[in-house]
Amino acid sequence: METAWFETRRANWTDAEHLAAAHVDSIRSIGARFYTAEIVDDWCDTLTDDVYVRAMQRGEVFHIAVGTGADMPGVLGFASHRVDGTQHRTAVYVRGAAARRGVGSAVFRSAEAEAIAAGARTIHVAASLAAVEFYRSNGFSEVRRGEHRLRSGRELACVFMRKRLER
Ligand SMILES: CC(C)(COP(=O)(O)OP(=O)(O)OC[C@H]1O[C@@H](n2cnc3c(N)ncnc32)[C@H](O)[C@@H]1OP(=O)(O)O)[C@@H](O)C(=O)NCCC(=O)NCCS
């Protein structure tokens, strides 16, 4: 029987540095296939450790996947869950070297369980173009296409998607 090569757990503030590193790796390795270099730079620019600490203080929850072997140290990927007004929202990021091995789906399942436990009936995502097929395969459907404005003012093309949750 194959031994699990990663495990998932809820992150805490001591994981902030590793969250930032995985986030930037994901955007630069996978996101960069879909966006210009300027957009990728702007997307990564604001991702310092304190972003995750402040988000956790506001109630955002991060579930991370961590490699069990020596070959893939640190955080392999993560999924977040936060409540924005009345909407439950998520976002999933996985390092390029760990992609297409089930990491994103595993951490998303944890974020989804978090949303269900918080009473959500629907979960939303502003999906980057690098993730639309991933969200579709995890039960989301397209609501509309649009843009997400980065802090720099540049617009990142995205697809607004939603999934109905079963309790
Ligand atoms: C989207 C992302 C998180 C997926 O993570 P992952 O660990 O590779 O996903 P999984 O291995 O769980 O994939 C599950 C299924 O999703 C679909 N999928 C995932 N990546 C895909 C891709 N690049 N193209 C097409 N389908 C894809 C496939 O159906 C896949 O199943 P399969 O590998 O058996 O065919 C990862 O590609 C990523 O980090 N992208 C860049 C960052 C980003 O844009 N995140 C979204 C922010 S809103």
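Residues are listed down the side, and each one gets a yes or a no for (1) acidic (Asp, Glu); (2) at pLDDT 95 or above; (3) outside any loop (DSSP other than H, G, I, E, B); (4) open to solvent by less than 10 Å² (accessible area, probe 1.4 Å):
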| residue | (1), (2), (3), (4) |
| --- | --- |
| Arg54 | no, yes, yes, no |
| Gly69 | no, no, no, no |
| Ala91 | no, yes, yes, no |
| Phe108 | no, yes, yes, yes |
| Val143 | no, yes, yes, no |
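Would a scan of the range 9-18 turn up a residue that is hydroxyl-bearing (Ser, Thr, Tyr) and either in contact (Cβ under 8 Å) with a residue 40 or more places away in the chain or open to solvent by less than 70 Å² (accessible area, probe 1.4 Å) (or both)? Give the steps one after another, and end with the answer.
So the first thing to find is which residues in the range 9-18 are hydroxyl-bearing (Ser, Thr, Tyr), and the list is 14.
Among the residues that remain, those that are also either in contact (Cβ under 8 Å) with a residue 40 or more places away in the chain or open to solvent by less than 70 Å² (accessible area, probe 1.4 Å) (or both) are: none.
Looking for residues that are hydroxyl-bearing (Ser, Thr, Tyr) and either in contact (Cβ under 8 Å) with a residue 40 or more places away in the chain or open to solvent by less than 70 Å² (accessible area, probe 1.4 Å) (or both), one finds none in the range 9-18, hence no.
Regarding Glu133, is this residue part of a helix (DSSP H, G or I) and farther than 23 Å from Glu7 by Cβ?
Details: part of a helix (DSSP H, G or I): yes; farther than 23 Å from Glu7 by Cβ: yes.
Yes.
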Just one listed residue, out of Thr36, Thr14, is under 14 Å from Ala130 (Cα atoms) and more than 17 Å from the chain's Cα centre (by Cα), and it is Thr36
The condition from (1) assigned to a helix (DSSP H, G or I); (2) open to solvent by 50 Å² or more (accessible area, probe 1.4 Å) that Arg82 misses is numbered (1)
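The values are calculated or read from the model by the stated rules, or taken from the named source; none is laboratory data. Since the structure is predicted, the reported quantities are computational estimates derived from the model, not experimental observations. Cβ atoms come from the backbone with ideal geometry, glycine included; neighbour counts cover every protein chain shown. The protein model used for the area step is the full one, side chains on, heavy atoms only, and it has no ligands, DNA or RNA in it. Shrake-Rupley method; radii C 1.70, N 1.55, O 1.52, S 1.80 Å.
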